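Here the structure comes first, spelled out in structure tokens, and everything after it is commentary.
The values are calculated or read from the model by the stated rules, or taken from the named source; none is laboratory data. Since this is a predicted model, take the numbers as computed values, not measurements. Note: ideal-geometry Cβ built from the backbone for every residue, glycine included; neighbour counts use all protein chains shown.
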Amino acid sequence: MEETIWDLRTDKTIAAIKEGKRLDGRKFDEYREVKIVNDISENADGSARVLLGKTDVIAGIKMVPGDPYPDSPDEGTISVGAELLPLASPSFESGPPREEATELARVVDRGIRESKAIDFKKLCIREGELVWIVFIDVYTMNHDGNLFDACSIAALSSLLKTKIPKLEADRVVAHEYAGKLALARKPLLSTFAKMANNVVLDPILSEEKAMEARFSCATTEDDCLCAFQKGGGGSFTESEIDNCIDVAFKKAKDIRKLL
Amino acid sequence: MEETIWDLRTDKTIAAIKEGKRLDGRKFDEYREVKIVNDISENADGSARVLLGKTDVIAGIKMVPGDPYPDSPDEGTISVGAELLPLASPSFESGPPREEATELARVVDRGIRESKAIDFKKLCIREGELVWIVFIDVYTMNHDGNLFDACSIAALSSLLKTKIPKLEADRVVAHEYAGKLALARKPLLSTFAKMANNVVLDPILSEEKAMEARFSCATTEDDCLCAFQKGGGGSFTESEIDNCIDVAFKKAKDIRKLL
Amino acid sequence: MEETIWDLRTDKTIAAIKEGKRLDGRKFDEYREVKIVNDISENADGSARVLLGKTDVIAGIKMVPGDPYPDSPDEGTISVGAELLPLASPSFESGPPREEATELARVVDRGIRESKAIDFKKLCIREGELVWIVFIDVYTMNHDGNLFDACSIAALSSLLKTKIPKLEADRVVAHEYAGKLALARKPLLSTFAKMANNVVLDPILSEEKAMEARFSCATTEDDCLCAFQKGGGGSFTESEIDNCIDVAFKKAKDIRKLL
Amino acid sequence: MKKKDKVDYVKNGKRLDGRKVDELRPIKIEAGVLQRADGSAYLEWGQNKVLVAVYGPREALPKHIQNPYRALVNYNYRMATFSVPDRKSPKPGRREIEISKVSGEALERAIFLERFPNTTIDVFVEILDSNAGTRVAALSAASVALADAGIPMRDLVSAVGVGKAGGEVILDLNKAEEDAPDAVDMPIAMLPRTKEIVLLQMDGLFTKKEWQKSMKLAEKGCEQVYEAQREALRKKFLEAEKEDKKSKKAGDQ
Amino acid sequence: MKKKDKVDYVKNGKRLDGRKVDELRPIKIEAGVLQRADGSAYLEWGQNKVLVAVYGPREALPKHIQNPYRALVNYNYRMATFSVPDRKSPKPGRREIEISKVSGEALERAIFLERFPNTTIDVFVEILDSNAGTRVAALSAASVALADAGIPMRDLVSAVGVGKAGGEVILDLNKAEEDAPDAVDMPIAMLPRTKEIVLLQMDGLFTKKEWQKSMKLAEKGCEQVYEAQREALRKKFLEAEKEDKKSKKAGDQ
Amino acid sequence: MKKKDKVDYVKNGKRLDGRKVDELRPIKIEAGVLQRADGSAYLEWGQNKVLVAVYGPREALPKHIQNPYRALVNYNYRMATFSVPDRKSPKPGRREIEISKVSGEALERAIFLERFPNTTIDVFVEILDSNAGTRVAALSAASVALADAGIPMRDLVSAVGVGKAGGEVILDLNKAEEDAPDAVDMPIAMLPRTKEIVLLQMDGLFTKKEWQKSMKLAEKGCEQVYEAQREALRKKFLEAEKEDKKSKKAGDQ
């Protein structure tokens, strides 16, 4: 029965798009309202809850001292995990991360990593021995479409608030901090859905169900592109992508103001 | 068909309980016969097979040198595992531990750990470097009800016989021993089943199938309570629990004499 | 439907065997044509692709510095993995190794290990600290019967070409080598299938589907037996095994010439 | 954390955080916070933060797990990796599995399961921040989420932690108290109207006297939790009524 | 590997390995190399070596995953343990899972999926040797294997890597180039006839100008890949024809 | 354990533990030791201790694994964590998986599988203590448990280890002998009446002569195991008869 409901909604969504409209009244290049609540967890070194319309996600940071990779003994690293919690949707089951969660985690990871927002050399504690690993975990609480951008905002917002734990004998002292994590850039993801030969920003769930293809693009405040991800069984033309990039630069700027 | 058999037996069990009787003729606060055979495995550092009526379980101890936890550098630890072997029941399948096995292991663990029977500081070999980890593994061989108490007796009995391996260059020398494991207390679990507004000690399998709720209580010889666990979809009143505690103190004393 | 096809082919196979023939025209003690291509992967330290008729497998070697076992501080070791890739057969699914893959890996492992072809002491880098682990991974590309022998040839052929990586500060320098891996012997597996009271060497897939039992025997060039493995639900007589051993010695000699 | 040598966990009737022995940390519950779940609740209890979603009754799958006489309760307690002082592995641990089992069983008594044969009621709990007492916080939030989902219940389940620190029997231990060398931790859940005990666990060394004393505190604590739960549902109900009126005025969209 | 201080990735119009900025490494594709698969292909692209097998359309199992409107594409990209400089764990990693997902989606547009309801088309990829660009190599080989399996397609999918090293936008980066401190890596796949983009990923810092420049190179690269793919299929077709004639002469066996 | 420099594994016709070259360690088998299994056996063989339970023939599930022509044999060999000198991980290892496979296949020839289409016969083995030769001990116990379950069989399966230590071919190696530098270990299982070989594995360097010599010992060993197996079943049968008479006298309960 749920399937039938979505089929009907898909028809409505497509019909609206063809008339240049979206079911929730937004323009094609408009984000839903973004709400950010920081520091939602005291045990996290940084955390944020982000509402993108009704899409609701949480990100939390833990900085953990660990071994450096042998081929970069003077660099720390980041590790992004994503869980599609069953709280978020009747169709998510609990269990090991599925490929959707893997893709989500890796796209959020790349946006941050490739922008060089975090200087991995500054995460070195003692060369060849001890470095910081920045664990970024995002959880979905309510899924009404575009988890990518919601998680990207939550991850960046958490990182901007992240405090570096105090170390004693190479162990973290709970709830004591030695400073703040420095971010060189503020990368943000912007995600588009294509359907009926139109491309819309920030798809809601019904649009995701109707879409043929998805394109995400991470941008920085200094006009760099730092990550792309195309998904879905359809295709984009080069000029569609070109246009998405322009919208992404512009709209990410607006969201950056909220951070 | 097996289901039907159990339904009939449940009816019989309930009918008997209502008349103040149990199908196997025991009193409500009576244990089945307990048989303990120690040292059933030479490769174990301590071991025991326990028959509680027809319920048949085995426990074995391995003491393994390992790293201390960073926050307790001068303490060893225990680790309890439980496997519901498919030998024990046609309805157990082989495979990874299910939630029943997890609960069983954790309840046995808490009875021992919380009683402070084992002084973790005495398990320290070299502070911050090497400590003893006491692996306690229990296996079910035949399941005729009340695996909790049978495993608790088997674990305690094994620990009482456990020899500490001899170490050479921080490695265990096979079949040579440096002493015995000291136990400060003898914690034992007593498990009760509630059905038709009555509470019985040491339920057999047909009583477990009929019961609404289960209560387990670990006691020590110096009149301490050290662990509780309520299970099952039903409820207990405070006075029922109060009574269970009194029975548990008394009956555990009897079993302690067999160790 | 696939089942039906195999049933018919089994009938044909058995009928032929009863007349002293094989469907592909070979004699009972004849191998299919063996083709060996070495060095198929530059990133491997040794590699080979082996065609045994249409059966197609690949082996690759990686030498990795690692910790010695505590009870043999001056010895390196080998580790054999086998994957029944779904490329090889419509009935293989991708996923974790099943028992067939486990048996295949372990039989290939034993043929090499037990022949003492590799002197584990020569794999020692620094006693008690660092030794070479020789990872041998075999992959099936096309399955037309007798994966055991194909993988055995591929593993041996890869080992014969294996170069020992150069180490710098205990880490492998990519694509630089310090010498060749020495092999003291050339063990090879020979596998037989029994059906309708006859025993044939190197069964093709249709013979494997028809066979009652399987026997494999690893031999060395100095007339030693170094591993046996019987499989399948049927049985062998002692004299059948005796005869298999004689054939194995003779036929492995022929294949050894191709290496 | 090194255990302190000598600490007075209660001094002049006050605990380390200023509470009285029978005083709960502040509780705040909100019902109906998630859009896609059938029912949901958000709870803050001291530093503890919990989000709960409920789905169902819906068809139990795979079919062979269905019970033709009643609904199954599937309770899933999980902690976010960042919700504890040392990062938790994302894989569910044995502690989470055990808590899920006993918490699910605790809810069974409260729900009219027999009305929904062959179905499952799924309760998903996520702990976002923690400081002792998360399982009772979760269970208290879960029964609000069940009510929010409109699932018919005998009563709410109200849960609280009780125990001992520094020789004193106290209500609702925080982490510092739970780390006392002689700490006893006893999570308990009741149906407040009948005082039926549906969850009871205990760790640590307790005399029977101390246990009896702690039961008194537990009952008192559950009553306060019950009040907070009902308050959250009242609020939700009033809001729903308001919305309903609004939408009636506006006509259906 | 320590990153080098200053490297000229392009000098006098030549790259470190002698290629021009818009030059692909040598490509060799062979169709129909495996007996039991419904379709297969072997591809060498520089040092990269890829084997692909295709099964299907065959019934999708378990039944509940079936789509009554179209075939599913199940793409499985795996690297052999020995195919990379440091031994890869045999367990599929997160990178392999992500590549499998986006590559399978990239193929969907090319296949007439709606003709095969309730089925699955399984594509299994094994990387035997690698040196940057394996995902585009695999995807290019996979569409040849699909054609070899006789699966009706709108067009082949042609894929190529493009990006930046040492400030220069270049086609088909090798590993040394991908390790440049300012490296950008952009795998892209197209339906060559319509230029529809079916796969697009990117890592690294790119200006929009650089991106536009790289798109030109990508289009050029895909055309060359397309030619190699069609050549492989022509060869296979001619061989099949020859075999066919031979077997007709010999009569059916 | 450091390997010893020079050991005489056989001296004046006696082995290190006093046995002759063709002498088994003491064997004790008991049938019908577990209540809930359809059949069971407990075996002690030297230090080895094995418990086996058999269930079936029962419906094979899930249905798609059913064979309409015969019963399946599912053999599960596991070692308790404490049954070996170094603690074994509770997770089944590759050795246990391989032994389970070949042991299950060894039993197939003995059982009239074709009489029980679509069913499975499940054999669960737990090793409680070990000292070389556990797989043959388990297999010998398993066929007693199968007989105890009343499963119709051609013959029992009798199994024994044979091999070489210090240049001598010997029967039923213990751990010290298996650790000899030149050790050969050959587990073998037969149907004693027909001498059909149903399990045969071998590790180590053997000449063909040595193999032939070892086969003689193996046959002799299997005969003794066979006698112990039949003795266990006779005892069980007599006891069952006694019980039967008793219960007839007492009337049905």
Among the candidates F:Ala132, F:Ala110, F:Ala137, F:Ala159, which residue alone is within 24 Å of F:Lys216 (Cβ to Cβ) and at the interface with chain C (Cβ under 10 Å from one of its Cβ atoms)?
F:Ala110
Flag for E:Tyr75 being in contact with a Ser or Thr (Cβ under 6 Å, 6 or more places away or on another chain) and aromatic (Phe, Trp, Tyr)
yes
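Determine whether E:Arg36 is of a type in the set (D, E, K, R), at the interface with another protein chain (Cβ under 10 Å from one of its Cβ atoms) and either surrounded by fewer than 17 Cβ atoms within 10 Å (Cβ to Cβ) or touching a His at 6+ places or on another chain (Cβ under 9 Å) (or both).
It is true that E:Arg36 is of a type in the set (D, E, K, R), at the interface with another protein chain (Cβ under 10 Å from one of its Cβ atoms) and either surrounded by fewer than 17 Cβ atoms within 10 Å (Cβ to Cβ) or touching a His at 6+ places or on another chain (Cβ under 9 Å) (or both).
Is it the case that A:Ile40 is modelled with pLDDT of 95 or more and touching an Asp or Glu at 6+ places or on another chain (Cβ under 9 Å)?
Answer is yes for this residue.
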Out of C:Asp202, C:Asp223, which single residue is within 15 Å of the chain's Cα centre (by Cα), acidic (Asp, Glu) and over 23 Å from F:Leu191 (Cβ atoms)?
C:Asp202
Taking segment C:215-250 and keeping only residues that are in contact (Cβ under 8 Å) with a residue 60 or more places away in the chain and either in contact with a helix residue (DSSP H, G or I) (Cβ under 8 Å, 6 or more places away or on another chain) or under 27 Å from C:Arg9 (Cα atoms) (or both), one is left with C:Ser216, C:Ala218, C:Cys226, C:Ala227, C:Gln229, C:Gly231, C:Val247
Given (1) aliphatic (A, V, I, L, M); (2) surrounded by 15 or more Cβ atoms within 10 Å (Cβ to Cβ); (3) more than 8 Å from chain E (Cβ to nearest Cβ), index of the condition C:Ile40 fails:
(3)
Across segment D:212-248, the tally of residues that are in contact (Cβ under 8 Å) with a residue 40 or more places away in the chain, more than 12 Å from chain B (Cβ to nearest Cβ) and among the hydroxyl-bearing types (Ser, Thr, Tyr) stands at 1
What is the residue count in segment D:215-245 for residues that are at pLDDT below 95 and either farther than 19 Å from D:Lys28 by Cβ or in contact with a Cys (Cβ under 8 Å, 6 or more places away or on another chain) (or both)?
6
One residue is enough: does segment A:66-80 have a residue meeting the conditions crowded, with 17+ Cβ neighbours inside 10 Å and closer than 21 Å to A:Pro203 by Cβ?
no
For segment D:42-61: of the residues being of a type in the set (D, E, K, R) and either facing chain A (nearest Cβ under 9 Å) or touching a residue at least 40 places away in the same chain (Cβ under 8 Å) (or both), which is surrounded by the most Cβ atoms within 10 Å (Cβ to Cβ)?
D:Lys49
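Identify all residues within segment C:84-94 that are more than 7 Å from chain E (Cβ to nearest Cβ) and not hydrophobic (A, V, I, L, M, F, W, C); write none if there are none.
Passing the criteria: C:Ser91, C:Glu93.
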When you scan segment E:167-193, how many residues do you find that are free of Cβ contacts under 8 Å to residues at least 40 places away in the same chain, of a type in the set (Asp, Glu) and out of contact with any Gly (no Cβ under 8 Å at 6 or more places or on another chain)?
0
So how many residues does segment C:232-245 have that are outside any loop (DSSP other than H, G, I, E, B) and at the interface with chain F (Cβ under 8 Å from one of its Cβ atoms)?
5
Can you find even one residue in segment E:121-129 that is part of a strand (DSSP E or B) and aromatic (Phe, Trp, Tyr)?
yes
Every residue from segment A:109-119 that is part of a helix (DSSP H, G or I) and of a type in the set (Lys, Arg):
A:Arg110, A:Arg113
Among D:Lys101, D:Lys209, D:Lys164, which is the only one that is within 30 Å of B:Asp71 (Cα to Cα), basic (Lys, Arg) and either more than 8 Å from every other protein chain (Cβ to nearest Cβ) or in contact with a Gly (Cβ under 7 Å, 6 or more places away or on another chain) (or both)?
D:Lys164
How many residues does segment A:229-259 contain that are on the phi > 0 side of the Ramachandran plot and within 15 Å of the chain's Cα centre (by Cα)?
0
In segment F:62-95, residue farthest from F:Ile151 (Cα to Cα) [restricted to those that are more than 14 Å from the chain's Cα centre (by Cα), charged (D, E, K, R) and within 10 Å of another protein chain (Cβ to nearest Cβ)]
F:Asp86
Could you check segment C:157-231 for strands (runs of 3 or more DSSP E) lying wholly inside it with 1 or more residues that are surrounded by 23 or more Cβ atoms within 10 Å (Cβ to Cβ), within 14 Å of chain F (Cβ to nearest Cβ) and touching a Lys or Arg at 6+ places or on another chain (Cβ under 6 Å)?
C:188-195, C:213-219, C:225-231
Test: residue in segment F:230-252 that is over 28 Å from C:Glu240 (Cβ atoms) and assigned to a loop (DSSP other than H, G, I, E, B)
yes
Only one of these conditions is not met by F:Asp38: (1) closer than 28 Å to B:Val172 by Cβ; (2) in contact (Cβ under 8 Å) with a residue 24 or more places away in the chain. Which number is it?
(1)
Among the residues of segment F:113-129, which ones are closer than 26 Å to B:Tyr139 by Cα, more than 7 Å from every other protein chain (Cβ to nearest Cβ) and among the aliphatic types (A, V, I, L, M)?
F:Ile121, F:Val123, F:Val125, F:Ile127
Condition first: without any contact (Cβ under 8 Å) to a residue 60 or more places away in the chain and more than 30 Å from C:Met63 (Cβ to Cβ). Can you find one or more residues in segment E:84-106 that meet it?
yes
Residue that is surrounded by 23 or more Cβ atoms within 10 Å (Cβ to Cβ), at pLDDT 95 or above and touching a Ser or Thr at 6+ places or on another chain (Cβ under 9 Å), where the choices are D:Ile127, D:Ile97, D:Ile121
D:Ile127
Going residue by residue through segment C:2-16, is there one that turns out to be buried (at least 24 other Cβ atoms within 10 Å of the Cβ) and facing another protein chain (nearest Cβ under 10 Å)?
no
Log entry, pairs with first residue in segment D:62-81 being under 18 Å from A:Pro90 (Cβ atoms) and at pLDDT 95 or above, second being of a type in the set (Asp, Glu) and crowded, with 18+ Cβ neighbours inside 10 Å, beta carbons closer than 7 Å, six or more apart or on different chains, reads D:Val73/D:Glu108; D:Asn74/D:Asp122; D:Arg78/D:Glu96; D:Arg78/D:Glu126
